[in-house]
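Q: Below you will find the structure I want to go over with you.
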Amino acid sequence: MDSARPYLAAFRARFQLMLQYRAAALAGFATQCWWGAIRIMVFAAFYGVNAAAAPISLADAITYVWLGQALLALLPWVADPEIGQAVRTGGVGYDRLRPLDAYGYWYARTLGWMLARALPRAALMLLAAGILLPLVGLGDWAWRPPSGLAATLLFIPAFVLMTMLGAAVLVLANIVVAASLNERGVNAILTPLVIVFSGSLLPLDFYPDALRPFLHLQPFAGLVDIPFRIYFADLAGGAALQGLALQAGWTLVLIGLGRLAMERMMRRLEMQGG
Amino acid sequence: MNAVALYGRYVATSLRAQAQYPAATLMLTAGHCAATAIEILGVFALFDRFGPVGGWSFGEAALFYALVNIMFSIADLLSRGFEVFGTDFVRTGAFDRVLLRPRAAALQLAGYEVRLSRLGRLLQASVVLILATSLVPITWDAAAVATAVCSPTVASRRRSIHSTSTPPGSGVC
Amino acid sequence: MSQILVEALAKTYRVAERAPGLTGALRGLVRRRWRDVHALAGVSFSLDAGELLAFIGPNGAGKSTTVKILSGILRPTSGRVEVDGLVPYEDRVRHVARIGVVFGQRSQLWWDLPVIDGFDLLADIYRVEPTHYRRRRDELVAMLRLEPLLDQPVRQLSLGQRMRAEFAAALLHDPAILFLDEPTIGLDAPSKLAVRDFVRRLNREQGVTVLLTTHDMHDVEALAERVIVIGQGRLLTDGPFASLRAGVLAERRLHIDFAGPAPELEIPGVTIRSRTERSLELAFDPAKIPAPKLIAAVAAQHAVDDIHVDEPAIEEVIARFYDLHDAHEA
């Protein structure tokens, strides 16, 4: 366990840092509640006209929206601003001075950052959308619990994998930022890509049917679409297991790519003298 | 130099700084255009699947969207100083320097960093506007332009064929 | 009539207390405990026009807080401040038009703009009359040897060059008062000398009132006749630097190299600080036994190769002063 200490420390330090910004957290929460409400109203409007055309029920769509808001911080749609700053000030070179596996260190830090931002928000969102709404009689618009025992059990690995996949994507993006010294450029590409293809903008099945096979297989599907559909049992049994496999597979691929990229960058820094 | 002229100077300074990195600026603008385009993509997917909602067709929603986004992108272009006030000014101590200048702090913040890349959204909204105009029977006479500039809500009301009350959430996200 | 007047100045901050560790961080999310930090606890002094004052003290003593209040960017909790007849934080715009401020290591010039363009923009911001501006600018460029730098963007300049440009920028609008916050920090030796020389000329020849905060004691020695020491929010001393030195560490040091082995010396009022095989370092109080008398006394009895007299290093004097007054880093 001693060998894991530096990574745990990195995770914990980042986590604690994010907890300090209370006012920002509350403001963000209010924004997200509002945002969630608007998206639900949009869905409701469309469902009101032609519910038959929808691939999932309105209740499931609503749960999808609330889940998405609660876990938004786990979505790798913007590169870690600290990396951008470290790159600008030249602090990136200091990572080479630490007796650590650079990729592992960045991965642990990113996980800490994401989870610290996600967990408080998820807890608040659960309180507001999961508990408060049914209490005031708006149960139809609430965040529903998972659909059955199987769904609950399958959601746990799905959640873990979506977090790991998200961190892998983000670390890879951060490495590209560090290597190219261009944070804004990476964000400009990363954000629309992730938001559309993860299913964050709309559940993937809402896009034209012809695109479905591609959309279900691409790496970002495991960030939102697959785990959420497992949650309300739209993906069940064998299909759910396939989804988990897809998440795991892409996570491994992206971690592999990340490690390669990190090695190359570190070697280049060494040759250039940092 | 009076406030307006100084504001102009600030804007010119910011643009000159960005002009030193033409490739990056262009790429950022293109990126921002793509990033904002996903919004209309989502709207299109929904209309494509479900059909018109509450008397609004995709074309009409797109028109409304385009007008709102044109206004928003201009406001976004000009308000960067206030947006990053916490991170770029207070936290770094740069706000001290703002206060040490014999000018209103608001003026200095307003003139800070006019980001050309935000024109990406303006570009995208303009394209959507052209698209919408082809989908919806609307003639851009002087009156229509005037209303569009002054109030998108009013303009869209005039264009709505089935003028029932505007449904909730039809304001595109 | 003093130009700068400070009376019973106090500034207290409320800081959120944070318990260490993860549980502390989580608890801090829900309930906060507050603590009062007294950055300034009643400081009073005054400055006449044309004076050059050095402001020193350990880290966290309240120096920067005082300078920020005097420049008008911070409001005190209590007390009275007046600069040139204005209350800085109440008449901000009028007040800052009359002062110049240089922060060490932080530049007010625009990063991507050539130096000269930054100057022009500042002239517009400060509403400096064009002919007056051009004359003043050329004067400063000559004094600070900025000619070769004018066309370069600020980001391409070295720190020394940037600080020189920074001084010019702060003086373009002809302020009567100049605040310098650690202006020589990080500079190489020639640049430090150049900055000190410039500030001295500014003060002596042009009568600009200068208030300098610094940790570099050589700045103080080179420039200031008058020194104020601040410790833990209080004023510890206010007076000429020489009296500070005399009051704290009046001793001098005598280094003697002997022709033969270093002898055992017993002279009243003289302590031996260190010895090597052939040399001695003696500490003595010049008020009790003047240097020439001591040297004569030693040379009369022993063959002496070389001698020199010096004073304890300034850092030693100041550190001793902090110790005496229990003023430590906050």
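Q: Using alpha carbons only, how many degrees (0 to 90, rounded to 10) separate the axis of helix C:159-171 from the longest principal axis of chain C?
A: Tilt of helix C:159-171: around 60 degrees.
Q: May I ask you to evaluate 6.51 cos²θ - 1.76 cosθ + 1.60, the Karplus curve with θ = phi - 60°, for each residue of region C:244-261 and list the ³J(HN,Hα) values in order in whole Hz, giving x for glycine and proline?
A: 4, 4, 4, x, 9, 9, 7, 6, 10, 10, 10, 9, 10, 9, 8, 6, x, x
Q: On to the next question. Between rounded, prolate and oblate, where does region B:3-164 land on the alpha carbon gyration tensor, with a ≥ b ≥ c its root eigenvalues, rounded for a/c under 1.5, else prolate if a/b exceeds b/c?
A: Prolate shape, in that a/c is at least 1.5 and a/b is the bigger ratio.
Q: Taking only DSSP H segments of four or more residues, each worth -39500 (n - 2.57), what value at 222 nm results for chain C once the sum is divided by all its residues, to the nearest 500 deg cm²/dmol?
A: So the helix-based figure for chain C works out to -10500 deg cm²/dmol.
Q: Sticking with this one: I need the calculated FRET efficiency for the pair C:Arg31 and C:Asn59, taking r as the beta carbon distance and R₀ as 22 Å, to the nearest 0.05.
A: So, using R0 = 22 Å, E works out to roughly 0.10.
Q: Say R0 is 22 Å: what FRET efficiency, to the nearest 0.05, do C:Arg94 and C:Thr131 get from their beta-carbon distance?
A: The computed FRET efficiency comes out at 0.40.
Q: Provide the gained length on full extension for the span A:Leu217 to A:Leu126, in nm with one decimal, where the gain is 0.36 nm per separating residue minus the Cα-Cα distance. Don't skip to the answer; put the middle values down first.
A: Details: separation 91, 0.36 × 91 = 32.76 nm, distance 2.99 nm.
My answer for the length gained is 29.8 nm.
Q: Name the most mobile residue of C:Gly42, C:Gly231, C:Gly269, meaning the one with the largest mean-square fluctuation, in a Gaussian network model of chain C with Cα contacts below 10 Å.
A: Comparing C:Gly42, C:Gly231, C:Gly269 in a Gaussian network model of chain C, the most mobile one is C:Gly269.
Q: Restricting the count to DSSP beta bridges whose residues both fall in the protein assembly as shown, what percent are antiparallel, rounded to a multiple of 5?
A: Working: 44 of 62 bridges.
Counting only bridges with both partners in the protein assembly as shown, antiparallel ones make up about 70 percent.
Q: Same structure, new question: With each label point set 7 Å from Cα along the Cα-Cβ vector, what nm distance links A:Asn50 and C:Asp238?
A: 8.2
Q: Could you calculate the contour length gain from C:Tyr13 to C:Ile289, that is, 0.36 nm times the residue separation minus the distance between their Cα atoms, to one decimal place in nm?
A: 94.3 nm
Q: Can you spot the aspartates and glutamates whose alpha carbon is less than 15 Å from C:Lys288's alpha carbon? Ignore those fewer than 8 places along the same chain.
A: Answer for C:Lys288, where 15 Å is the Cα cut-off: C:Glu251, listed by chain and number.
Q: Going by a ≥ b ≥ c, the root eigenvalues of the Cα gyration tensor, does chain A fall in the rounded group (a/c under 1.5), the prolate group (a/b larger than b/c) or the oblate group?
A: Prolate.
Q: What ranking of C:Tyr89, A:Tyr107 emerges when the number of other C-beta atoms within 10 Å of each C-beta is taken as an exposure proxy, fewest first?
A: Final ranking by Cβ density, sparse to dense: C:Tyr89, A:Tyr107.
Q: Here is a follow-up. Show me the GluC sites (Glu not before Pro) within region C:231-306 that DSSP assigns to loop and that have at most 10 other Cβ atoms within 10 Å of their Cβ.
A: For GluC sites (Glu not before Pro) across region C:231-306 that sit outside H, G, I, E and B with at most 10 neighbouring Cβ atoms in 10 Å, the list reads C:Glu264, C:Glu266, C:Glu277.
Q: Setting aside same-chain residues fewer than 8 positions from C:Lys63, which aspartates and glutamates have a Cα under 13 Å from its Cα?
A: Answer for C:Lys63, where 13 Å is the Cα cut-off: C:Asp181, C:Glu182, C:Glu329, listed by chain and number.
Q: Now a separate question. Let me know the shape class of the protein assembly as shown, please: from the alpha-carbon gyration tensor, a ≥ b ≥ c as square roots of the eigenvalues, rounded when a/c is under 1.5, otherwise prolate if a/b is greater than b/c, or oblate.
A: prolate
Q: Sticking with the crude label model, points 7 Å out along Cα→Cβ, report the distance from B:Thr87 to A:Ala30 in nm, one decimal please.
A: 2.0
Q: Now, a different point. May I ask you to list the chymotrypsin sites (Phe, Trp or Tyr not before Pro) in region C:103-199 that are in a DSSP loop and have at most 13 other Cβ atoms within 10 Å of their Cβ?
A: C:Trp111
Q: Cross-link partners among lysines for C:Lys68, C-alpha distance below 28 Å, same-chain residues fewer than 8 apart left out?
A: C:Lys11, C:Lys192
Q: Give the residue list of trypsin sites (Lys or Arg not before Pro) in region B:26-106 that are DSSP loop and have at most 16 other beta-carbon atoms within 10 angstrom.
A: B:Arg91
Q: Which value at 222 nm does chain A reach when only helices count, each DSSP H run of 4 or more adding -39,500 (n - 2.57), with the total divided by all residues and rounded to the nearest 500 deg cm²/dmol?
A: Value at 222 nm, helices only: -23000 deg cm²/dmol.
Q: Looking at chain C as a GNM with Cα springs under 10 Å, which of C:Ala142, C:Ala194, C:Ala319 has the largest mean-square fluctuation?
A: Fluctuation is largest for C:Ala142.
Q: Also, I was wondering about something else. For C:Ala250 and C:Ala303 in the same chain, what is the full-extension length gain: residue separation times 0.36 nm, less their Cα-Cα distance, in nm?
A: 16.3 nm
Q: With n ≥ 4 as the cut-off for DSSP H runs, can you work out [θ] at 222 nm for chain B, using -39500 (n - 2.57) per run divided by the number of residues, rounded to the nearest 500?
A: -21500 deg cm²/dmol
Every number in this text was worked out from the coordinates using simple rules, so none of it is lab data. Values in this document were obtained by computation on a predicted structure and should not be read as measured data. Note that each Cβ is placed from the backbone with ideal geometry, even for glycine, and that neighbours are counted across all protein chains shown.
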